[in-house]
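Chemist: The structure's right below; bear with me while I get my questions together.
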Amino acid sequence: MGQDLTENIYILSMAGGSGDSQSSLYQVFVNDLVCGSFAGLAYILTAHPLDSIKVRMQLDRRGTISLRETIKETYIHEGMRGFYKGMGSPLITIPLVNSIVFASYEFAKRMMGVRLGEECTFNQSLIAGSFGGFMNSFVLSPIELVKCRLQVQ
């Protein structure tokens, strides 16, 4: 057990390749955070209007309402701004959440011995993705609650 941990720490410290391993590891980590942030930003800008429509349909108290009716009513009563209502909070938090997922996923791959630039097996990818999702759940759940409440204010 102790030797496995020592080997994993060594592998993790060598993840950056040649040169100063501590500096390289830091650069990989920062790269994962930045890429995750930009992915989250792109997601919010494109998917938030659809998410707003979904939340409005879920919270409609009149019974069943169609997609077309929801879009029409939102546009008539609130204009285009209605589709982006409540976007401020996710615009700040989702890039953070995505950066956590990216960094956690890459960290888990390194701990399993996958070096930078190497392909991982299906099982390694499954485990690393599960770890990323697990770490993400601690941040995302409260954020989603706030976002849904802001969307229907």
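Chemist: Contour minus end-to-end for Arg62 and Gln124, with contour as 0.36 nm per residue of separation and end-to-end as the Cα-Cα distance?
Modeler: Full extension of this stretch gives 17.6 nm more.
Chemist: Taking the Cα centre of the stretch 19-151 as origin, sum charge times position over the Cβ atoms of Lys and Arg (+1) and Asp and Glu (-1), and report the length of that vector in debye to the nearest 20.
Modeler: Around 580 debye, computed over the stretch 19-151.
Chemist: Turning to a different aspect of this structure: Can you put His48, His77 in order, fewest other beta carbons within 10 Å first?
Modeler: His77, His48
Chemist: May I ask for the Rg/Rh ratio of the stretch 19-151, computed from Cα atoms with Rh as the Kirkwood radius, given to two decimals?
Modeler: With Rg and the Kirkwood Rh in hand, the quotient comes to 1.12.
Chemist: Separate question: At 0.36 nm per residue, and after removing the present C-alpha to C-alpha distance, how many nm does the segment from Tyr26 to Ala47 gain when stretched out fully?
Modeler: Taking 0.36 nm per residue and subtracting the Cα distance, the gain is 4.4 nm.
Chemist: Got a sec to turn the phi values of the stretch 132-139 into Karplus ³J(HN,Hα) couplings, 6.51 cos²θ - 1.76 cosθ + 1.60 with θ = phi - 60°, whole Hz, x for Gly and Pro?
Modeler: Working through the residues one at a time gives x, x, 4, 5, 5, 4, 5, 9 Hz.
Read the figures in this text as sums done on the coordinates, not as results from a lab. Predicted model, so just to flag it, every value in this text is computed and none were measured. Virtual Cβ from ideal backbone geometry, glycine too; neighbours counted across all protein chains shown.
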